[in-house]
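The structure under discussion appears below in the form of structure tokens.
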Amino acid sequence: MTPAASNSLCEPVSADWLAERLSFCRSRIQSNSAELIRQFREEIPIAQIIRARSDFMDELLIGTWRALTAPIGDRLALLAVGGYGRRELHLHSDVDILILVTPDAEAADPEAYRTALSAFFSFLWDIGLKPGQSTRTVEETVELARRDQTVMTNLLEARLLHGPQALFDGLLKRLGPDQIWSSREFFAAKMEEQAARHAKYHDTAYTLEPNVKEGPGGLRDIQIIGWIIKRHYGSPDLRDLIIYGWLTEAEFAELTETRSFLWRVRFALHALTGRGEDRLLFDHQRELANQFGYHGEEPNGPVEQFMQRYFRAVMGLERLNEMVLQLFNEAVLRDDEDSVILPINDSFQAVNNYLEAIHPKVFQRNPRALLEVFLLLQQNPRLQGIRASTIRLIRQHLYLIDDHFRNDPKAARLFMDILRHPSGITHQLRRMNRYGVLAAYLPAFGKVVGRMQCDLFHVYTVDEHTLFVVRNLRRFALEKHRADHPHCNELFELVDRPELLYIAGLLHDIAKGSGGDHSEMGEQIAEEFCQRHAITGHDNRLVRWLVRYHLLMSMTAQRKDISDPQVIHEFAMKVGDPETLTHLYLLTVADIRATNPSLWNSWKGALLRELFAATRSAFRRGLEKPMDLEQRIRAVRDETLSLLERLGLGPDAIGRVWENLPDDYFLRYLPDEIAWHTIAIDATPADRLPLVLLRPMSQRGSAEVFIYAHDQDFIFAHSTALLDQLGLTVFDAKIITSSNGYVLNSYHVLESAGGPIKDHTRQVQICSKLRECLRNPSADPARVQRREPREIKHFTVQTQVYFHQDPQHRHTVLELLATDRPGLLSKVGQAFQQVGIRLNNAKISTIGSRAEDIFYVTGADDAPLDDPELREKLKAALIEWVGDI
């Protein structure tokens, strides 16, 4: 006999009974969870499993409710609402309930009322549920629902578990669309809510860790369809979408199949984590890929396959959501309005400002209309979109986009017309992708639709990233976005044929995941595209070059010493001419900004501008007459002298500071930086060292921390450890040693979130901490306590060390690949100190979890590391120290 049955329904329950009931229910929940997980692994239909969970919860709650509320049960009703009311309950879903009470419920027996409800709510928490609970009268419930459509939505799913039927029926009657929230009002509110929810996720489902329930294309997008239908028709069954002509059998099958897949993913997440986790975090993706049967030889292959299945599912759901909601708007909300129909051409017309095919055979008779429809939207800005019936026709006729279609010159001209149109390019490419047209027309693009890149650098799928690149390029042409990148907007005005840039953006990553170098393979795809679209000669070469070398500028700026004239000359020779440089610069900025919202910062922007300006100067001077080191040094010294003279510093003071500085110093610093250093060093007596200064914003787009001190080997390790501990990201380090035993260290830093150091108190704190640290050389470097990001453990990088020859044979170039963990630079510095290595320069580059750092080093004799034994010793030390983080 269960505890529920052993208790009299006329007397208040005893403490012993309640304790026994709690133990009984906890045990039942554990065993039920285990049984449902077993069924899930045996691939029992997921709809059956989540309904079984809801029915099981009904049994537990009703039994306890009846016992606890027996004395006052005729005045209370227990209702399941929300997902529980819908009988869709996952292992750790919230259990939403409403206690509906009569107006006199509490007054009739205050003690019994308070005791019963308190005991019931405590019981729910004590057995481990997450109840969403409320207690209201019918009047209170209706009034709250009238003010808040989310309450109304929750009540749409209301289901009576126990209590007076008349009380429940009275509530339902008061909640009808003839009383509050008409179909029109409810639809408008849900559309606004969906738009706000999608905006919260940046209007994209295609991020590395999507939310299965709330994200665009997630379960909530299915539920919103169900709520709107239920509000208008009173129907709880999605199959009625077929009866009302909103979905075909095939579309309904796609909807239910996608829902089942997302249910299975959500159920698996709950089972795996033991909590209500709805995010597909990196922590779980590999295990889920294995559970869903994805395997492969590549380490990340199964995860990428599983996530591509997920992203393609949500893309289809986004399309169905758009189509059904638009059909509802057209067929129901505007049914009593006179339609405004305007002819567009022989194939299409505008109906209430939505484009519609004139008859169902439009695409059969003229397959090129599958592209024309998007061009018409661009040419007619009053059109708000495509009628749902026409979206359906597009989907049904995608098979017409075959090889014959793709090689049709007229179809090619239509596609090029879309790219050449002055407005709507991004919107139409997104529509083409959503409806499957882009993948059909460009089969190589179809392979990257929904393809995840398994790293922390790319936060979007390849197709989503690609469309963001094109969007960014388009924004360089628009005045309203000039404030974001004024330099790019100015340069874009010099571009004669913007469509070539858009094509390069569309194709730059199209070969991702195809094996081999995606840039080289992409160039081949670009060649085929250009041939099909009659892009010849110079334009053909430009598009192919941009796709092949789209990473060249970012890699040069972030990994090479762009203060070196030889580096600039080699880059300029590779680029070839100013026109190509302008196109590459614009594509590079658009690409980086579309990769990861947090990746772009003022430092990267300043680096790219500096490389662009230096290369353009090289073109103006003539590549046959490259600037040599002596010319560069002389130019920098002359400009700095003029600046210092204007600032009032005399030649004697300048001479005292500069006389011991090597030529390298004048190569690697800008004139304004040298002037700043010179004034500060001249004003600081030797007994006041170390000198530590901070400029909140330099010409390089970051704060510059400058240290002038007696040369000691520990400085780099100690200072980088402290900067890291203070939450600063180091992007560049320059280390200069004077001939009289002083060191000039500069670090370009930003806050860890990528922003400048604005607060004056914070600036003073950084300088003060650094001085204190450098005055205590005997202490170990500060231990970096900063917490390692959760995601890092899923994207570890094997530590690798490579040595390269400096063309000028002044240094050895050391390349370090490693996992970017807190304290990395300090460990590198300690390894250098251990082996007796001098650091002259550093380029710090982080790509997701991957550190790709370049160090310019010499031995203790200031000569390159030509000794193989010394290189091996340094390599071993680096691997030992970096692996010890």
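A few notes on this one:
- In the condition set (1) assigned to a helix (DSSP H, G or I); (2) in contact (Cβ under 8 Å) with a residue 60 or more places away in the chain; (3) not aliphatic (A, V, I, L, M), residue 474 is compliant with all but (2).
- Residue satisfying all of: in the range 282-332; open to solvent by less than 20 Å² (accessible area, probe 1.4 Å), out of contact with any Ser or Thr (no Cβ under 8 Å at 6 or more places or on another chain) and small (Gly, Ala, Ser); modelled with the lowest pLDDT among these: 301
- For the range 166-192, a residue qualifies if it is over 30 Å from residue 203 (Cβ atoms), open to solvent by 50 Å² or more (accessible area, probe 1.4 Å) and in a helix (DSSP H, G or I), and the qualifying residues are 166, 169, 172, 173, 174.
- Against the list (1) in contact with a strand residue (DSSP E or B) (Cβ under 7 Å, 6 or more places away or on another chain); (2) of a type outside the set (S, T, N, Q); (3) open to solvent by 20 Å² or more (accessible area, probe 1.4 Å), the condition residue 124 fails is (3).
- When 617, 598 are screened for being loosely packed, with under 15 Cβ neighbours inside 10 Å and part of a helix (DSSP H, G or I), only 617 passes.
- Test: residue in the range 635-658 that is basic (Lys, Arg), within 30 Å of residue 601 (Cα to Cα) and either open to solvent by less than 40 Å² (accessible area, probe 1.4 Å) or modelled with pLDDT under 90 (or both): no
- A single entry from 112, 107, 195 fulfils the requirement of being out of contact with any helix residue (DSSP H, G or I) (no Cβ under 9 Å at 6 or more places or on another chain) and either small (Gly, Ala, Ser) or open to solvent by less than 60 Å² (accessible area, probe 1.4 Å) (or both): 195.
- Matching residues in the range 541-580 - criterion: being more than 27 Å from residue 459 (Cα to Cα) and hydrophobic (A, V, I, L, M, F, W, C): 542, 562, 567, 568, 571, 572, 573, 575
- Scanning the range 29-73 for residues that are over 30 Å from residue 100 (Cβ atoms) and not in a helix (DSSP H, G or I) gives 42, 43, 44, 45.
- Residues (over 10 Å from residue 835 (Cα atoms) and either of a type in the set (Asp, Glu) or in contact with a Leu (Cβ under 6 Å, 6 or more places away or on another chain) (or both)) located in the range 870-884: 872, 880, 884
- Test result for residue 612, open to solvent by 10 Å² or more (accessible area, probe 1.4 Å), hydrophobic (A, V, I, L, M, F, W, C) and closer than 30 Å to residue 520 by Cβ: no
- Exactly one residue among 82, 63 is under 30 Å from residue 259 (Cβ atoms) and among the small types (Gly, Ala, Ser), and that residue is 82.
- For the range 511-546, the tally of residues that are hydroxyl-bearing (Ser, Thr, Tyr) and surrounded by fewer than 14 Cβ atoms within 10 Å (Cβ to Cβ) stands at 1.
- Taken residue by residue, the range 511-527 has no member that is under 31 Å from the mean Cα position of the chain (by Cα), over 30 Å from residue 298 (Cα atoms) and either assigned to a helix (DSSP H, G or I) or at pLDDT 95 or above (or both).
- Close Cβ contacts (under 7 Å, 6 or more residues apart or on different chains) running from residues in the range 547-564 that are surrounded by fewer than 19 Cβ atoms within 10 Å (Cβ to Cβ) and at pLDDT below 95 to residues that are in a loop (DSSP other than H, G, I, E, B) and of a type outside the set (Asp, Glu) comprise 559/845.
- Odd one out for residue 376, checked against (1) farther than 22 Å from residue 477 by Cα; (2) open to solvent by 10 Å² or more (accessible area, probe 1.4 Å); (3) in contact with a strand residue (DSSP E or B) (Cβ under 8 Å, 6 or more places away or on another chain); (4) at pLDDT 95 or above: (1)
- Test: residue in the range 715-732 that is in a helix (DSSP H, G or I), open to solvent by 10 Å² or more (accessible area, probe 1.4 Å) and under 19 Å from residue 858 (Cβ atoms): yes
- Evaluation of residue 236 against (1) touching a helix residue (DSSP H, G or I) at 6+ places or on another chain (Cβ under 7 Å); (2) open to solvent by 50 Å² or more (accessible area, probe 1.4 Å); (3) assigned to a helix (DSSP H, G or I); (4) not aromatic (Phe, Trp, Tyr) (one fails), failing number: (3)
- The set of residues in the range 663-681 being over 14 Å from residue 743 (Cβ atoms), acidic (Asp, Glu) and crowded, with 17+ Cβ neighbours inside 10 Å consists of 673 alone.
- Residues located in the range 826-839, provided they are part of a helix (DSSP H, G or I) and either under 15 Å from residue 861 (Cβ atoms) or open to solvent by less than 20 Å² (accessible area, probe 1.4 Å) (or both): 826, 828, 829, 831, 832, 835
- Of all residues in the range 208-223, none are modelled with pLDDT under 90, of a type in the set (S, T, N, Q) and open to solvent by less than 60 Å² (accessible area, probe 1.4 Å).
The values are calculated or read from the model by the stated rules, or taken from the named source; none is laboratory data. Owing to the predicted nature of the structure, the values given are computational and were not obtained by experimental measurement. FYI the Cβ positions are ideal-geometry reconstructions off the backbone, even for glycines, and counts take in every protein chain you see. Keep in mind that these areas ignore ligands, DNA and RNA; they rest on the heavy atoms of the full protein, side chains included. Shrake-Rupley method; radii C 1.70, N 1.55, O 1.52, S 1.80 Å.
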